Each structure stands twice: as C-alpha cells, then as structure tokens.
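K.L.:
Attaching a single structure in structure tokens format; questions to follow.
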Amino acid sequence: MFQYFTKDLPVNVTVENLAPCKKLVRVEVDATVVDAAFQEVTREFQKSAQLPGFRPGKAPREQILKSFSGKIDEEVKRQLIAKHYPKAIEQEKLRPATYPDIEEIQFGRGMPLQFAATLEIEPDFELPVYKDLPLKLEKGVVTDADVDRAITVLREQQIKYRDLDRPLAAGDMAVVNYHGTSEGRVITEISPTARGLTEQKNFWVEIKPTSFIPGFSEQLIGAKTGEKRTVTVTFPADFVVPELSGKPGVYEVEIVGLKEKTLPEVNDEFAKTFGADSMEKLLAGVRADLETELKFKEGRALREQIIRELFARVPCDLPESLVLEETRRVVYGIVQENQKRGVPQETIEAQKEQIFSMANASAKDRVKLQIILLRIAAAEKIQVGESELMQRIYQLSEQNQVPMDKFIEDIKKRNAVGEIREQVLCNKVLDFLQLNAKIEEVHGSVAEPAPAAS
C-alpha cells in the first residue's frame, strides 16, 4: 500500500496483480475530502438550480438537497473518481492499455470513498538499445532478363484464344466437363465444401504440370473435341482441402473444346496499348517500375529485420484484451479478403479455427510492435503533424474509393482517427530506426519481375 496526500489528507492505494498485464487498484479517499466535495458540488447546484417559487440560484440548501440528492451524489462520486483514479495510476507508474472497470465499494456522506479499478496495462520493460541495429541490405539489380519477363507478363494480359482442330498439346487450353470421386465416393461426401472439385461444366484448364490438380492436365494431351477420358490423380499432401490430402482421385472428363493461346507481337502498336508512344519508351517504363518494386522490397526487407531485432530485444507479456481486439480485426480482414476472392462461406466456416489461430499469432506481433514503437516515439519525441495525418487519410480514402469528406465522416464516427495517427507514428519510428541503423550491403539478390507495368 502507498499513500499520496490531497489537502494534507491521505489517499490510500493498493495494487494487486491479477495477471502479468492486469491489475486491481483499490483506492480509499478520506471522509473529510468526500464531505468537502459534497459541499462544493451542492454549492454549484445552488448556483444553477431553478425551483418553483425561487429565483435562479436563490433556493435554500435544504431544498436543493431534497430535490437533487441523487444527482449530487452521482456528481460527487464522478468527480472524486475522475480525480483520484489518474493520480493513483500516476503514483504507481502504471501505463493503462484499456479503460478501467470501476466498482464502487463504499460511498456516502461522512464516510471514506472506496472504489476498485480493474485494468490492463502495457508491459513493464526497459527500452533496449534501438539505434545502430545491425541490418543486411541485399542489393539487387534489374537485368534485361527481368525486363523481358515483365514484357511477357504484359503480353499475357492480351492473350487471345482460337479454336483448334488438332489434338491437344502442352500449352493449349482444354474446355472440359468433369465429375470426380475419391476411393469410390463422390468428393463432396468427403469434403462437403469441395463442390468445385467434384463437378464442373465448361471448365478451362491449361495443359501444364501446375494447372488445376497436379497430374490432371497432362493426361489430356492428344485428346480431341468430344472425346472422353478417365483421369487419375493423387491429391498432394499439402492440398488446399485437407480432407483430400494424399488421397487418390478419379475424374471422368469430357473434352468440349480446344483452345490455342496467341500472344501479341512486341512492337510500337503493342506499346501504345499501355500508353507508351513506342516500344523503347515502354521498355524504359517497365525498367523504372521494376527498379521501384526492387527498392520497395529492399525497404520492406530492412523493416522486417528491424522488427525481428526489436522482438528479440524485448521479451514481454501482452494485454489480453488488446490481443483479442486485434485478433478480431485480423479475422475480419481475412474473411473479407476471402469473400472478395469468391471463397464460399462454407469453406470459411470450415477453416475458422485455422483462421483464428493465424489471426491470433499475427495480432500478438502487431500489438507487441505497436507498444515498442510507441515507447520509442515517446523517448525520441517523435510526433505526427496534422498535414501528415491528413495525407494518410487522403491515401486511405483513395484506396477505398470513398470521397475524402465522406471518409473523414466515417472514421470520426468509428473513432478511428487516433488509430490512423498511431499507424503514421509507427511508420515514422520505423523510418527513424532504419535511418539510424548500421546497414551492411550484400550483393546477389535479383529483382523479381513485376506482375504488371503501368
């Protein structure tokens, strides 16, 4: 127990550990302080009260107490808790991570106020050395081969298909109807959500080893339109549908169409379809895009190293409610992304345990990183200016394709402005750490081709 004093009267505070990041804070305020608060609040009510038969502010004290007793009690209690809870937290040097759950134990005229606050706190740790973090920067180089691969990606965006009157060959597209079983059972009997693996009509499959189910498409080579074939496969051990992993599959396949891919020629006309005046300018633009992509990947790799270094230097427990709240946000994001990709609701439901487990692990990392970065921001007095905040809000409104005014209105309703400010602040701290790191350049990394060039 410890004490602090208000008007020379002691306020007693005790702190009980409920969990590594959870505390029970008990506070007792002297009865004299409580009575003084009653006197002051009653006077304030007298000044503003309007009662029949009395001019405003002229009603006698006894009448005020009779008419507003309940409201006076609530206001006195509110003021005392609002004053002494923060003082108790400050005295104990606690860092609240959540709003407290406050329970009144004793309150009334002529008696001490006793209340208890249950709250979660940020972990208590000493900031490690965070400057001169040892990082390795793998310097990549954009080569002509990288540019060629990127151009191939652009050509494939303009693929055209023509019907074939010859047998199917590697690289062609087959349009098929199929029905699948495994171990003599319809696949949906084994995995009810795997309807797409059980039966499809007019399904396009490219004749290459990695297409659809491994080993499926190669067994169609040489087929002609109208032909039927039986295809046997073994579902991979790491197959996306766990119930089928390692099991045999048998597909009855009907070839309903054959298609050949044709790519556009690489010339100035092709370049103009991407907004470039000539092929030379398109190549220059693609190279610039690849170099930008490479620089982004290098920066991301450095940040990942910074985060690993910080995590290794700060072992700590985490507030459970913050982790749970962040887990819910991550789960929501995963579900939204799956729905956008067209994943059936049944599949999402079937994988909810895996989704929650993955989200929980990610949430723990996010919460820990935020706590560390905000602590560094305070130590280095790093802040976010209003222009920086508005720039980020503008970026988010553009990403979400929502008008700026409407987006600001939405985030204010959700009380999300503070969250966005913290995101900007954390990014500024990561920039600060990268700027103050010891970076060793190593060579050998090669840029991966960008998926598309603009």
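The values are calculated or read from the model by the stated rules, or taken from the named source; none is laboratory data. Because the structure is predicted, anything quoted here is derived from the model rather than measured. So basically every Cβ, Gly included, is an ideal-geometry build from the backbone, and we count neighbours across all protein chains shown.
K.L.:
Can you tell me which of (1) surrounded by 13 or more Cβ atoms within 10 Å (Cβ to Cβ); (2) closer than 19 Å to Asp144 by Cα is the one Val233 doesn't meet?
P.N.:
If we test Val233 against (1) surrounded by 13 or more Cβ atoms within 10 Å (Cβ to Cβ); (2) closer than 19 Å to Asp144 by Cα, just (2) comes out false.
K.L.:
Show the residue pairs meeting these rules: Cβ distance below 7 Å; 6+ apart or different chains; first residue within the stretch 105-117 and touching a residue at least 12 places away in the same chain (Cβ under 8 Å); second residue surrounded by 12 or more Cβ atoms within 10 Å (Cβ to Cβ) and in a loop (DSSP other than H, G, I, E, B).
P.N.:
Pro112/Asp30; Leu113/Phe107; Ala117/Pro100
K.L.:
Out of Leu318, Leu310, Leu283, which single residue is part of a loop (DSSP other than H, G, I, E, B), at pLDDT 95 or above and either surrounded by 14 or more Cβ atoms within 10 Å (Cβ to Cβ) or over 22 Å from the mean Cα position of the chain (by Cα) (or both)?
P.N.:
So the residue among Leu318, Leu310, Leu283 that is part of a loop (DSSP other than H, G, I, E, B), at pLDDT 95 or above and either surrounded by 14 or more Cβ atoms within 10 Å (Cβ to Cβ) or over 22 Å from the mean Cα position of the chain (by Cα) (or both) is Leu318.
K.L.:
Name the residues in the stretch 252-297 that are within 30 Å of Leu137 (Cα to Cα) and of a type in the set (Val, Ile, Thr), would you?
P.N.:
Val286, Thr292, listed by residue number.
K.L.:
Out of all the residues in the stretch 191-226, which are surrounded by 15 or more Cβ atoms within 10 Å (Cβ to Cβ) and assigned to a loop (DSSP other than H, G, I, E, B)?
P.N.:
If the condition is that a residue be surrounded by 15 or more Cβ atoms within 10 Å (Cβ to Cβ) and assigned to a loop (DSSP other than H, G, I, E, B), then Ser191, Thr193, Ala194, Ile207, Ser211, Phe212, Ile213, Gly215, Phe216, Ala223, Thr225 are the ones that fit.
K.L.:
How do the strands (runs of 3 or more DSSP E) wholly within the stretch 66-166 filter down when requiring 2 or more residues that are over 30 Å from Arg313 (Cβ atoms): which remain?
P.N.:
Values: elements: 101-106, 113-120, 134-141, 160-163.
Qualifying strands (runs of 3 or more DSSP E): 101-106, 113-120, 160-163.
K.L.:
Being surrounded by 11 or more Cβ atoms within 10 Å (Cβ to Cβ) and closer than 30 Å to Val240 by Cβ narrows it down to one of Arg375, Arg392, Arg366, so name that one.
P.N.:
Arg366
K.L.:
Being at pLDDT 95 or above, within 31 Å of the chain's Cα centre (by Cα), farther than 22 Å from Lys368 by Cβ and aliphatic (A, V, I, L, M) is the requirement here; does Ala145 meet it? Let's see the steps before the verdict.
P.N.:
Values: at pLDDT 95 or above: yes; within 31 Å of the chain's Cα centre (by Cα): no; farther than 22 Å from Lys368 by Cβ: yes; aliphatic (A, V, I, L, M): yes.
No; evaluated as a whole, the condition is false for this residue.
K.L.:
Pairs needed: first member in the stretch 369-390, within 28 Å of Lys406 (Cβ to Cβ); second member anywhere, charged (D, E, K, R); C-beta distance under 8 Å; at least 6 residues apart or different chains.
P.N.:
Here the result reads Gln370/Glu422; Val384/Arg421; Val384/Lys428; Glu388/Lys428; Leu389/Arg421, each pair linking the stretch 369-390 to a residue that is charged (D, E, K, R).
K.L.:
Exactly one condition in (1) surrounded by 16 or more Cβ atoms within 10 Å (Cβ to Cβ); (2) outside the structural domain of Thr193 (by TED's automatic domain parsing); (3) in contact (Cβ under 8 Å) with a residue 24 or more places away in the chain; (4) not charged (D, E, K, R) is not met by Pro344; state its number.
P.N.:
That leaves (1) as the condition not met.
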